[in-house]
Amino acid sequence: MAPEQFNGESNTRSDIYSLGLTLYELLALRPAFEESRHGPLISQKTSSMPPGLRSINEDIPRDLETITQKACATNSADRYATAGDLANDLRRFLDDRPVLARRATVAEQFVRWARRNPMVASLSGATVTLLATVAIVFAVGQYRTQTALDIVEVQKSALETQKSELEVRQTQLDQS
């Protein structure tokens, strides 16, 4: 079952998901999701993708993995629109032509993860913001401290120079 079917929704892209999982399992030679208990399996299907095929077998071509991942996407909008589109991409792969499916960028993967895990994403964002703020405050404080130390050093050198000059004058006065 496609993830959206657990909410009572179904469309042609739900069938694409089923085809994608079948292709995945044929290529991986194992189930896409290892969980066998109903509740945890539903949770896995609705919140995560199966592991990348190349992490299971690195001999699987990247384009074939990309086609399979697109067909198995958790969000139905990210899947092929029709079985014909999936078939066309598979034909392009077999003909050694570039496939139309593209790998999700790191930014797209992050956005999808954040949508699936809003609490963890917001806490992570807050943590990163806090760490960046602490780093900036520390850097500014360090800069100001170093500037103040430099000023004190310059003033100390000036005072020592003045003291030396006064001692020389005092010695001259004492001698005269």
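The values are calculated or read from the model by the stated rules, or taken from the named source; none is laboratory data. Note that this is a predicted model, so its numbers are computed, not measured. Glycine also receives a Cβ, built like all others from the backbone with ideal geometry; neighbour counts cover every protein chain displayed. What goes into the accessible areas is simple: the full protein's heavy atoms, side chains included, and nothing from ligands, DNA or RNA. Shrake-Rupley method; radii C 1.70, N 1.55, O 1.52, S 1.80 Å.
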Assuming R0 = 25 Å, what is the FRET efficiency of Ile56 and Asp96, from their Cβ-Cβ distance, to the nearest 0.05?
0.60
Could I have the simple spin-label model distance between Thr12 and Thr171, label points 7 Å from Cα toward Cβ, reported in nm to one decimal?
10.1
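Roll a 1.4 Å probe over the protein chains and send me the accessible area per residue for the range 1-96 in Å². If you can, show how the numbers build up before the last one.
Working: 5330 Å² over 96 residues.
Result: 56 Å² of accessible area for each residue.
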The chain: radius of gyration and largest Cα-Cα distance (Dmax), Å
32.8, 110
Working only with C-alpha atoms, what are the Rg and Dmax values of the range 5-83, expressed in angstrom?
12.3, 38
What percentage of the solvent-accessible surface of the range 14-159, computed with a 1.4 Å probe over protein heavy atoms, is contributed by carbon and sulfur atoms?
62
Cross-link reach from Lys45 to aspartates and glutamates, straight Cα distance under 20 Å and at least 8 residues apart if same chain, gives Glu4, Glu9, Asp15, Glu25, Glu34, Glu35, Glu65, Asp78, Glu108
Which residue, Val154, Thr68, Met119, has the largest displacement toward the positive end of the dipole of the chain when charges sit on each Cβ (Lys, Arg +1; Asp, Glu -1)?
Thr68
What figure, in Å² to the nearest 10, do you get for the accessible area of Ile136 with a 1.4 Å probe and non-protein molecules left out?
110
Length-normalised contact order of the chain, Cα under 8 Å, at least 6 apart, in percent, tallies to 18
How far apart, in nm, are the 7 Å Cα→Cβ label points at Leu29 and Ser157?
7.4
Calculated [θ] (222 nm, deg cm²/dmol) that DSSP helices of n ≥ 4 give over the chain, each run adding -39,500 (n - 2.57):
-23500 deg cm²/dmol
Taking θ as phi - 60°, what are the ³J(HN,Hα) couplings along the range 29-37 by the Karplus curve (6.51, -1.76, 1.60), each to the nearest whole Hz, with x for Gly and Pro?
6, 6, x, 5, 10, 6, 5, 10, 7
